[in-house]
Amino acid sequence: HDHLDGSLRPATILELAEEARVATPRRTPAALQRWLSHFAEEEPGADWELLFGLSTSVMQTREQLRRVAAEYVETLTADGVVYAETRWAPEKHLAGGLTMDEAVSAVADGIAEGTANAARRGHEIVVRQVLSVMRTAPAGAAVLAAALRGIDAGVVGIDLAGHEEGHPARDHARIFEDAARAGLSRTVHAGEADGLESIRGALFDG
């Protein structure tokens, strides 16, 4: 269970943030790493959207997405991983003017670059994409359409993510039924913030 926007290197965040003139909560890789890994302690009571908001703020251009995806594969390779599926929400990466298709393509390019670099070092790895639908947004149909158009770019499924309370899986059931009919795999985040009812909804309504 790996989020692309949850896998950035602190040094990369700082470098991309400087280029994009994005403010960061810490100014050194070590300090930012602590902020990321001890978020609840560093930001008591803060919504986790603040955490992912930082990473997605520096993943808004084709080059930013390509670099992040390539480094993601390099990190997996260093850990000895041979197969991975990275999940990310394309609707969170459109502020710089990209379309969902362009964002998916950029991530695919980065994955291809990282995979090729790994192969040159004698390590075979396969990395696929899972596109997340956000519970709180009405973009599910657009995400599914992007996923279907992105199959040749390595998209293998869709996911449901985001705030659970007040946003049940059944609100997105039609999207997941359509995905299943199209042969895409499906995953649902559940039980993180809305208890057993959220898990029940993921199993039977999603």
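The values are calculated or read from the model by the stated rules, or taken from the named source; none is laboratory data. What you are looking at is a predicted structure, and each value in this text was computed from that prediction instead of being measured. Here the Cβ is made from the backbone with ideal geometry for all residues, glycine too, and neighbour counts use every protein chain on show. When the accessible area is computed, the model is the full protein with side chains, heavy atoms only, and any ligands, DNA or RNA have been set aside. Shrake-Rupley method; radii C 1.70, N 1.55, O 1.52, S 1.80 Å.
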*asked:* Given Cβ point charges of +1 (Lys, Arg) and -1 (Asp, Glu) and nothing else, what value in debye, to the nearest 20, does the dipole of segment 1-83 about its Cα centre take?
replied: 260 debye
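Just to confirm, what accessible area per residue do you get for segment 1-156 at 1.4 Å probe, in whole Å²?
Working: 7480 Å² over 156 residues.
Per-residue accessible area for segment 1-156 comes out at 48 Å².
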*Modelled label reach - F204, point 7 Å along Cα→Cβ, segment 151-173 residues with backbone N closer than 14 Å*: 169-170
*Which is farthest toward the positive dipole end of the chain among V127, L51, I13, measuring Cα position about the Cα centre, with Cβ charges +1 (Lys, Arg) and -1 (Asp, Glu)?*
V127
*Under 11 Å from the L50 label point (7 Å along Cα→beta-carbon), backbone N, segment 1-37*: 25
*What is the dipole size for the chain, taken about its Cα centre, with +1 at each Lys and Arg Cβ and -1 at each Asp and Glu Cβ, in debye to the nearest 20?*
400 debye
_Please report the net charge: other residues with Cβ closer than 13 Å to the Cβ of P29, K and R +1, D and E -1._
+2
_Residue among A89, A161, A139 with the largest mean-square fluctuation in a Gaussian network model of the chain, springs linking Cα atoms under 10 Å_ = A139
*For segment 41-138, which chymotrypsin sites (Phe, Trp or Tyr not before Pro) are both in a DSSP coil and crowded by at most 12 other Cβ atoms within 10 Å?*
none
*Which helices of the chain meet both criteria: a Cα extent of 27 Å or more along the helical axis and a mean Kyte-Doolittle score no lower than 1.0, with helices taken as whole DSSP H segments?*
none
_For segment 18-35 and segment 40-92, distance of Cα centres in Å_ = 14 Å
*Taking all protein chains as present, what is the carbon and sulfur share of the accessible area of the chain, in % to the nearest whole number, probe 1.4 Å?*
52 percent
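Rounded to the nearest 20 Debye, what is the dipole magnitude of segment 99-155 about its Cα centre when Lys and Arg each give +1 and Asp and Glu each give -1 at the C-beta? Numbers along the way, then the final one.
Details: 5 positive and 6 negative charges, 41 e Å.
That gives segment 99-155 a dipole magnitude of about 200 debye.
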